[in-house]
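Below is one structure, written out as structure tokens, with a few remarks after it.
The values are calculated or read from the model by the stated rules, or taken from the named source; none is laboratory data. Here the structure is a predicted model, which is why all the values come from computation and not from measurement. Positions of Cβ are generated from backbone atoms using ideal geometry, with glycine treated the same way; all protein chains shown enter the neighbour counts.
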Amino acid sequence: MLEVNQAMSRLFGYAEGDLVGRSVLDLVAPESLPFVQSLFAKGVEGPFEALALDAAGEVFPVEVHSRTIPYSDGLDAGVSSIRDLRERRAMEERLARQALYDNVTGLPNRVLLVDRVRHALSSARVGEDSPIAIILLDLDRFKVVNESLGHSAGDALLLAVGQRLQACLRPGDTVARFGGDEFAILLDEVGGPDGANVVAERIEGELAAPVSIGGHEVFVSARMGIVVGQPGRAEPDDLLRDAEIALYRAKAGSMVRRALFEPSMSSVAAERLDLESDLRRAIDRAELRVFYQPLVDLATDRIAGVEALVRWQHPTRGLIAPMSFIPLAEETGLILPIGRWVLETACRQAHEWQLAFPSDPPLTISVNLSARQFAQADLVAQVAAILAETDLPPSSLELEITESVVMDESEPGIRALRALRELGCRLALDDFGTGYSSLSYLKSLPLDTIKIDRSFVAGLAGDDANLPIVQAVIGLAHGLGIDVTAEGIETADQLGWLRDLVCDRGQGYYYARPLPAPELARLLGPDARPIGRPATTRVAFTTRAGRRRDRIAG
Ligand code: C2E
Ligand code: MG
Ligand code: MG
């Protein structure tokens, strides 16, 4: 070296001037020596990369640019500039890691897992006849942890779960995090479905012990979808999709916590996917309809209110009942826009009817609210806005909720109920008798109405056993100042019993099925016949308990 600048000396850790007179090759790490020597021999000017050696003996990557220039007396010299690549390398490594690893758990991410699955399925391994398995795992109630203990607690839980999963697998297996609370596990050479199930069981055991996070004991459980694939015969994307389908199945059942993929699951899943994408467009394409079913005052046979019941006029499947799409809407969150649309449509319609057919008290409208709608922080504001927009008096709106809504998250749930009540709305407990039916909490809920589920009403016809139950519910409700509506009245006989039990209102096919708005309007008009047939004959009889009663013959 003839001349060396300050930066060069500093980079290699020498004092200024110390390098002059030494060989350039002193700065090359032994690993790179043969390569650099051959380049110099060929007169290559670069740029090239090599490993350098500093004064302290540290090896580091550099980029070299060289140029040959005439020096003196016909001698040539080389001018080289050298760039330290350490920072760039570290950055590249970080980027590579980020692209392939999840930064919360440090586990491989989806990209890396798919790559490993592809490798495991590669034809190089055909003939080894050892299937692989993928387990997709979804944590239960992770959202609750995240929301109640905070996101850093959520992260800590994910980290802990990732570590436990790794602890119960073999070194050749891969645990990956797929984002959210979903993990994927690639089992190499698992032997078949039985082997995969054994591992899944081990995972369940491993997750069973509580995780301690920030002073809280958190219990984790998971649902698993399992798929088995044969090298050379399956594609990674197909396998992952099948695992997803199996996981969906495992999440759908309350008892089953894991499911092994079977081809028959595919068509069900495909159908559901189609329906889901159709449902996403249903509002915009104006395919949803609201039907109205009368709620009849049993004392006067007058229509006191109507219940709004949504229908889906599907372009190819025809009219779809709510039970066939409300659960799907709940699961996908589509219930929020759908529910809002129903509420608005129903309130607007009710106000129109109140103007066209005035009565005292005015016609009420009942609208069903699902659990998910109820969990919205701005539900009360939404209801208030819709009432203002449609000009409907709050007291004309009755919101129907089911027991699960108030049992699940009791405190915020009850607070929302109170707020809706303060707004002036009426509240009804729907399908009473099918859920927890704890009579004790009735007094703590701000309810106006209990709707007795139609399974009790159906039993009223011939089976005396339902009678004391319905009677007790009505008595209790009245004692608490709550009205009772009977659902699903289909016969005059049932109606007779309910009148005897002083039930306040009734709803059912006996009066009318849920009807499109124009047809319902005909039941409201001044020329409308009184709804239902008036009670005429009363028949005396003796109950099983030996009491004398009479009822109306249909
Ligand atoms: P629900 O709120 O208990 O509504 C009463 C259901 O009973 C309606 O079924 C109605 O058609 C049916 N029904 C009425 N009278 C009789 C009868 O005499 N016999 C029999 N067998 N059935 C009768 P639909 O319309 O199929 O609705 C089913 C459920 O779907 C509703 O039960 C409600 O839980 C839900 N749903 C309907 N519309 C909406 C909505 O807009 N939002 C939400 N979240 N849920 C809705
Ligand atoms: Mg209802
Ligand atoms: Mg009901």
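Points to keep in mind about this one:
- Only one entry of ASP274, ASP237 meets the criterion of being more than 30 Å from ALA486 (Cβ to Cβ), part of a helix (DSSP H, G or I), at pLDDT below 90 and out of contact with any strand residue (DSSP E or B) (no Cβ under 8 Å at 6 or more places or on another chain), and that entry is ASP274.
- Qualifying positions in the range 475-502 - touching a strand residue (DSSP E or B) at 6+ places or on another chain (Cβ under 6 Å), within 17 Å of ALA304 (Cβ to Cβ) and outside any strand (DSSP E or B): ALA477, ILE482, GLU487, ILE489, LEU498
- Residues satisfying the stated conditions in the range 20-66, i.e. in a loop (DSSP other than H, G, I, E, B), more than 19 Å from GLU3 (Cβ to Cβ) and β-branched (Val, Ile, Thr): VAL44
- Taking the criterion of being exposed (fewer than 14 other Cβ atoms within 10 Å of the Cβ), within 14 Å of LEU53 (Cα to Cα) and without any contact (Cβ under 8 Å) to a residue 24 or more places away in the chain, the residues of the range 2-36 that qualify are ARG10, ARG22, SER23, LEU25, PRO30.
- With respect to the stated conditions, GLU352 is in the same structural domain as ILE450 (by TED's automatic domain parsing), in a helix (DSSP H, G or I) and free of Cβ contacts under 8 Å to residues at least 12 places away in the same chain.
- If the condition is being crowded, with 19+ Cβ neighbours inside 10 Å, aliphatic (A, V, I, L, M) and farther than 21 Å from GLN293 by Cβ, then the range 349-379 contributes only LEU379.
- Of all residues making up the range 309-327, the number that are assigned to a helix (DSSP H, G or I) and among the β-branched types (Val, Ile, Thr): 1
- Against the test of being in a loop (DSSP other than H, G, I, E, B) and under 21 Å from ASP483 (Cα atoms), the options SER366, SER359 yield a single qualifying residue, SER359.
- For the range 471-502, the set of residues classified as surrounded by 23 or more Cβ atoms within 10 Å (Cβ to Cβ) and within 16 Å of ligand 2 (Cβ to nearest atom) consists of VAL484, THR485, ALA486, GLU487, ILE489, listed by residue number.
- Only one of ARG272, ARG257, ARG285, ARG302 that is more than 16 Å from ligand 3 (Cβ to nearest atom), among the basic types (Lys, Arg) and closer than 30 Å to GLY506 by Cα: ARG302
- Only listed residue being within 15 Å of LEU136 (Cα to Cα) and crowded, with 19+ Cβ neighbours inside 10 Å, chosen from ARG202, ARG257, ARG249, ARG241: ARG249
- Apart from one condition, ILE326 fits all of (1) out of contact with any Pro (no Cβ under 9 Å at 6 or more places or on another chain); (2) within 15 Å of ligand 2 (Cβ to nearest atom); (3) at pLDDT 95 or above; the exception is (3).
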